[in-house]
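Written below as structure tokens is the structure these notes are about.
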């Protein structure tokens, strides 16, 4: 059986990210079959037993994940063309007043916190930002089909043929899109449920069937819902919320 890099194996098992794995290995916080491993790049058997020391577990428990209701005009990641990154909203003054988890007075709320997925500058709604590589991998990794639900206001005529095409039959950049759930909730208002996230996917899908997107709002990722979170505010991911 071919051996595999330890950090890659740890990431594939959902223990942590590769970066975290390398950090913990260097700090003698990883055991393979009961023995401490400290050699970066070491390759191990794919069926080996891996455990991490309590210090690594405490570090992992301290990682922050938040839900943000991103407004239009903010970019998901790096600032561009004078527009601010969504992470700049993760400050105490924007913390949701009814969050049951109290604000943690730390200076690292924005430190190493990355968006787990895209939401373009012209769109609003649920954006997950996290310091936890396990959550990021689950939401953006190709091995997971996490549903993402959107409410989309469009301009143009909607008919059964267009809905069938939106559900299945379109392609972008020469590749067929995965099946989607698309329903008309009311005149000009569509609900999309996708399990992939191509760049500006919904807008481009609508263009292909002669519909123009007027507004787009993401309201759910997996089982986690935007619910009553006000625009521009954020709250912590709760212990009982999983993707």
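If you go through the range 125-167 and keep only what is surrounded by 18 or more Cβ atoms within 10 Å (Cβ to Cβ) and at positive phi, you end up with just 125.
Of the candidates 67, 9, the single residue that is in contact with a strand residue (DSSP E or B) (Cβ under 8 Å, 6 or more places away or on another chain) and either part of a strand (DSSP E or B) or at pLDDT below 90 (or both) is 67.
Listed here are the residues, each with its yes/no results for (1) more than 21 Å from residue 224 (Cα to Cα); (2) crowded, with 16+ Cβ neighbours inside 10 Å; (3) without any contact (Cβ under 8 Å) to a residue 40 or more places away in the chain.
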position: 33; (1), (2), (3): yes, no, yes
position: 42; (1), (2), (3): yes, no, yes
position: 47; (1), (2), (3): yes, no, no
position: 53; (1), (2), (3): yes, no, yes
position: 62; (1), (2), (3): no, no, yes
position: 69; (1), (2), (3): no, yes, no
position: 73; (1), (2), (3): yes, no, no
position: 92; (1), (2), (3): yes, no, yes
position: 123; (1), (2), (3): no, yes, no
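Does any residue of the range 219-237 turn out to be without any contact (Cβ under 8 Å) to a residue 60 or more places away in the chain and over 29 Å from residue 130 (Cα atoms)? There is no residue in the range 219-237 that is without any contact (Cβ under 8 Å) to a residue 60 or more places away in the chain and over 29 Å from residue 130 (Cα atoms).
Residue 193 meets the conditions (1) surrounded by fewer than 17 Cβ atoms within 10 Å (Cβ to Cβ); (2) touching a residue at least 40 places away in the same chain (Cβ under 8 Å); (3) not in a strand (DSSP E or B) in every case but one. The failed one is (3). For the range 222-229, the criterion of a residue being buried (at least 16 other Cβ atoms within 10 Å of the Cβ) and in contact with a helix residue (DSSP H, G or I) (Cβ under 7 Å, 6 or more places away or on another chain) is satisfied by no position. Would you check which residues across the range 208-220 are in contact with a strand residue (DSSP E or B) (Cβ under 7 Å, 6 or more places away or on another chain), within 19 Å of residue 122 (Cβ to Cβ) and not in a loop (DSSP other than H, G, I, E, B) and list them? Within the range 208-220, 212, 213, 214, 215, 216, 217, 218, 219 meet the criteria. Scanning the range 72-118 for residues that are at pLDDT 85 or above, more than 21 Å from residue 238 (Cβ to Cβ) and out of contact with any helix residue (DSSP H, G or I) (no Cβ under 6 Å at 6 or more places or on another chain) yields 72, 73, 75, 84, 85, 88, 93, 118.
One residue stands out among those in the range 19-37 that are in a loop (DSSP other than H, G, I, E, B) and out of contact with any helix residue (DSSP H, G or I) (no Cβ under 6 Å at 6 or more places or on another chain): the one that is nearest to residue 113 (Cα to Cα), which is 27.
The lone criterion from (1) surrounded by 15 or more Cβ atoms within 10 Å (Cβ to Cβ); (2) not in a strand (DSSP E or B); (3) not assigned by TED's automatic domain parsing to the domain that holds residue 123 left unmet by residue 182 is number (2).
Taking the numbered list (1) in a loop (DSSP other than H, G, I, E, B); (2) closer than 28 Å to residue 242 by Cβ in turn, residue 40 passes all entries but (2).
The values are calculated or read from the model by the stated rules, or taken from the named source; none is laboratory data. Quick caveat, the model's predicted, so the values are computed rather than measured. Positions of Cβ are generated from backbone atoms using ideal geometry, with glycine treated the same way; all protein chains shown enter the neighbour counts.
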